[in-house]
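The values are calculated or read from the model by the stated rules, or taken from the named source; none is laboratory data. Being a predicted model, the structure only gives us computed values, none of them experimental. Here the Cβ is made from the backbone with ideal geometry for all residues, glycine too, and neighbour counts use every protein chain on show.
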Amino acid sequence: MTLGSLNNMSSERSEILAGAAVLAVAIGFLVYAGQVAGMGNTAGTYPITASFRAVDGITVGSDVRLAGIKVGTITELSLNPQTFFADATIRIREDVILPADSAILISSEGLLGGNFVEIQPGGSLDNLAPGDEVEDTQGSVSLVSLLMKFVGAAAGGDSGEASDTP
């Protein structure tokens, strides 16, 4: 073997190793993206549904939390053409049994944080079964509309008092 062929083999080996490393990182990113988007394994979960007036800031893959702990994921969002509400399908861990009168609302992590779905358990002795719908929902609150109401009230908007002048 000549020195040139040894350099060629060494160069080919390093190119193969670099290509394998890039491929491994790409596969890792794909697996992570699939899990974040809720496309991963749904074994050990059960579906429930809920209808919201507004789902601003929520997408497929958003967290569903109970007492601040992730217990599920949003797996589907669609517009109901009869009610004009957003219908959500949520997969909940099978070890989390929710009372039938539980409430679901969209919460924010803060002014700059993202939104998530929060479950507030009720006190019913009956539990939600797979495929049941949660009736008590609260959609997302628009920060802009809240600020506009505040600014309108501060600027002397409708005070609710009757005028003395005819």
Item to check | Boolean, Leu77 is hydrophobic (A, V, I, L, M, F, W, C), surrounded by fewer than 18 Cβ atoms within 10 Å (Cβ to Cβ) and not in a loop (DSSP other than H, G, I, E, B) | outcome: yes
Next on the checklist: Whether any residue in segment 92-105 is part of a strand (DSSP E or B), over 23 Å from Asp126 (Cβ atoms) and touching a strand residue (DSSP E or B) at 6+ places or on another chain (Cβ under 6 Å) is what I want to check.
Outcome noted: no
Item to check | Single match in Asn115, Asn127 (criterion: surrounded by 11 or more Cβ atoms within 10 Å (Cβ to Cβ) and either out of contact with any Gly (no Cβ under 7 Å at 6 or more places or on another chain) or at pLDDT 90 or above (or both)) | outcome: Asn127
Next on the checklist: Based on this model, can you work out whether Leu30 counts as modelled with pLDDT under 90, among the hydrophobic types (A, V, I, L, M, F, W, C) and out of contact with any strand residue (DSSP E or B) (no Cβ under 9 Å at 6 or more places or on another chain)?
Outcome noted: yes
Checklist outcome for this item: Filtering segment 80-91 down to residues that are in contact (Cβ under 8 Å) with a residue 12 or more places away in the chain and part of a loop (DSSP other than H, G, I, E, B) yields Asn80, Thr83, Phe85
